[in-house]
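Written below as structure tokens is the structure these notes are about.
The values are calculated or read from the model by the stated rules, or taken from the named source; none is laboratory data. All values derive from a computational prediction rather than experimental measurement. Methodologically, a virtual Cβ is constructed for each residue, glycine included, from the backbone with ideal geometry; neighbour enumeration extends over all protein chains shown.
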Amino acid sequence: QVEGDTLVISGCQEILELAVPYETIISASRLKDKVSIENVRQVEIQDCKDDIIIENIQGDVSISGIAGSVVLKNIQGTASVGDIDDDLSILQVAHVITQGELKGDAFFSGIGRLEVKRVANSASLQDIEQAVLSSIGNDMTAQDINVMRVGSIGNECKIEGKRETEITIESVGNDLTVPVGA
């Protein structure tokens, strides 16, 4: 059904594949199967029961209530992430904000500014300009981070690389490994 400049699709029971112009904004909710979106301007997804892959987005991405794993890659704007029940991978994104709980493992690489509320399991960070993380439930590894502030890490923390400028960690449950000369 078309409403002005909007195409509304509801009650789709089969695989849906759309070819849309690059400036399109995708807004979807209550999805039951895997989702793959690429080469559009903006994406908003709420309540998905399966895995999501979103890549090559010119603007912002907003996702929440995802039962499967999530991969966000090459997002030019801000990626806002709510509750994710499985693993999360975010690569090459200008700005990332997580507002809910990330229940699986989280991998972040090539991020300008990273703001994480809570990762229930392990987190891995690589090549990040500025990272602020409130809580990591298990292990954390960080490599080539410019500025990083972490509230608590439940188990082990390993810092690697040559680029670390300023690292602040309030508490680590077990081992903290920092390279010699750091």
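Right, residue 90: under 23 Å from residue 75 (Cα atoms), among the β-branched types (Val, Ile, Thr) and modelled with pLDDT of 95 or more or not? Give the steps one after another, and end with the answer.
Values: under 23 Å from residue 75 (Cα atoms): yes; among the β-branched types (Val, Ile, Thr): yes; modelled with pLDDT of 95 or more: yes.
In short, yes.
Of the strands (runs of 3 or more DSSP E) contained entirely in segment 52-155, those carrying at least 3 residues that are over 17 Å from residue 26 (Cβ atoms) fall at 88-98, 106-119, 123-136, 140-153.
For segment 58-84, residues that are out of contact with any Asp or Glu (no Cβ under 8 Å at 6 or more places or on another chain), crowded, with 17+ Cβ neighbours inside 10 Å and not β-branched (Val, Ile, Thr) total 2. Among the residues of segment 133-148, those that are β-branched (Val, Ile, Thr) and surrounded by 22 or more Cβ atoms within 10 Å (Cβ to Cβ) comprise 136, 145. Among the residues here, residue 106 qualifies as within 24 Å of residue 46 (Cα to Cα), modelled with pLDDT of 95 or more and among the small types (Gly, Ala, Ser).
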